[in-house]
Amino acid sequence: MKKIVIAIDGHSSCGKSTMAKQLAKEIGYVYVDTGAMYRAVTLYALRKGLLNNGNIDEARLQDDIDAGLVSVSFRFNAEKGRPDTYLCGELVEDEIRQMEVSNNVSPVAALPFVRKFLTEQQKAMGKDGGIVMDGRDIGTAVFPNAELKIFVTASAEVRAQRRFDELKAKAEADKNTPMPVYEEVLKNVEERDYIDSHREVSPLRKADDALLLDNSHMTREEQSQWLLEQFKKAIK
Ligand code: DC
């Protein structure tokens, strides 16, 4: 059976990666979290001191990318049942989810040379199909011909609460992880929405042929059933 490309785009913290990951597992496809790739480049910039108070040393970041010093890859973690993100060969899966990275990722993701660098890799990963890729521009820029496109959203408050619960659980399990503040998480969600949908290159928008999924009031089970139905329709 032909393996298709499934593009899942939408706002931050609306559970895109959880649903994309689960769908990929159910149908035996590869899952790619493109947000993790932008986060990894942001972590690189933070570590190298190229990002200070929202100011990016674009020239140096571009030089490092051009010189092949920034590499982002995934390795499947069988225990967790999902891929882990590596930056220059180092496991950074947890670090890229911290608030410091979340607070700085949008301006990095708005840089045209960063988008070009990462979208080329994403296109290569999905060229043979059999992939579930989640992000912001997958159905519009990376795979405009994807056989199935989903655009996911939920209210900012619902998304901030979900993200807050996730960060709180992490902080409770690990005393080195700072306890989140709900208002800060909400502000971060709203700011990211704004930057993601107003940037010049590949702004976040629903592709005309994408199916809209508002999951503000849906359970995970309802959502995964709905997704599976769309997949079955798409491969018919
Ligand atoms: O999905 P996420 O929250 O991990 O994404 C992190 C950031 O990367 C977010 O600000 C949007 C940006 N991003 C993007 O611009 N394009 C993508 N394909 C994926 C993520």
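Residues in the stretch 94-99 carry Karplus couplings, in order, of 6, 4, 6, 9, 6, 4 Hz; the curve used is 6.51 cos²θ - 1.76 cosθ + 1.60 with θ = phi - 60°, and Gly or Pro positions show x. Between the C-alpha center of the stretch 171-214 and that of the stretch 70-96 there is a gap of 21 Å. Relative to the compact-globule estimate of 2.2 N^0.38 Å, the Cα radius of gyration of the stretch 32-118 comes out at 1.04. If you count the DSSP beta bridges with both ends in the chain, what percent of them are antiparallel, to the nearest 5? Close to 35 percent. In straight-distance terms, cross-link reach from Lys187 covers every one of the aspartates and glutamates whose alpha-carbon lies under 17 Å from its own, apart from those fewer than eight places away in the same chain; here that gives Glu100, Glu157, Asp165, Glu166, Asp196. Scaling against 2.2 N^0.38 Å puts the C-alpha radius of gyration of the chain at 0.98.
A simple rule links phi to the HN-Hα coupling: the Karplus curve 6.51 cos²θ - 1.76 cosθ + 1.60 with θ = phi - 60°, which for the stretch 79-87 gives 5, 8, x, 8, x, 9, 9, 10, 10 Hz, with x for Gly and Pro.
Among Glu190, Glu221, which comes first, second and so on when ranked by fewest other beta-carbon atoms within 10 Å? Let's see the in-between values first.
Numbers: Glu190 15, Glu221 8.
With the fewest neighbours first, Glu190, Glu221 line up as Glu221, Glu190.
Available extension along the chain between Asn77 and Glu200 is 40.8 nm, counting 0.36 nm per residue and deducting the alpha carbon span.
Can you pull out the GluC sites (Glu not before Pro) in the stretch 49-106 whose DSSP state is coil and whose Cβ has at most 16 other Cβ atoms within 10 Å?
On the way: sites: Glu58, Glu79, Glu90, Glu93, Glu95, Glu100; in loops: Glu79, Glu93.
Answer in residue order: Glu79.
With the contact rule set at Cα under 8 Å and sequence spacing of 6 or more, what percent relative contact order holds for the chain?
Details: 339 pairs, mean separation 76.4, N = 236.
Relative contact order, the chain: 32 percent.
Between the amide H of Thr153 and those of Leu213, Asp214, Asn215, distances stay under 5 Å, these residues lying 5 or more places away or on another chain, with hydrogens modeled in the peptide plane. Each of Ile150, Ile65, Ile96 was placed along the dipole of the stretch 51-161 (beta-carbon charges, centred on the mean Cα), and the one lying farthest toward the positive end is Ile150. When you work out D = kT/(6 pi eta Rh) for the stretch 109-236 at 4 °C and 1.567 mPa s, using the Kirkwood radius from C-alpha pairs as Rh and the Stokes-Einstein form, the result is 77 µm²/s. Counting only residues at least eight positions apart within a chain, or on another chain, the lysines with an alpha carbon under 23 Å from that of Lys123 are Lys2, Lys3, Lys16, Lys21, Lys25, Lys149, Lys206. Using only the alpha-carbon atoms of the stretch 103-178 as identical scatterers, what base-10 log of I(q)/I(0) does the Debye formula give at q = 0.21, 0.23 Å⁻¹? For the stretch 103-178 at q = 0.21, 0.23 Å⁻¹, log10 I(q)/I(0) is -1.01, -1.05. Straight-line reach from Lys170: taking Cα to Cα under 17 Å and skipping same-chain neighbours fewer than 8 places apart, the lysines in range are Lys80.
Any read-out appearing in this document is the output of simple, stated calculations on the displayed coordinates, not a laboratory observation. Everything numeric here is computed off the predicted structure, so don't read it as measured data. A quick note on method: Cβ atoms are made from the backbone with ideal geometry, for glycine too, and the neighbour counts reach across all protein chains shown.
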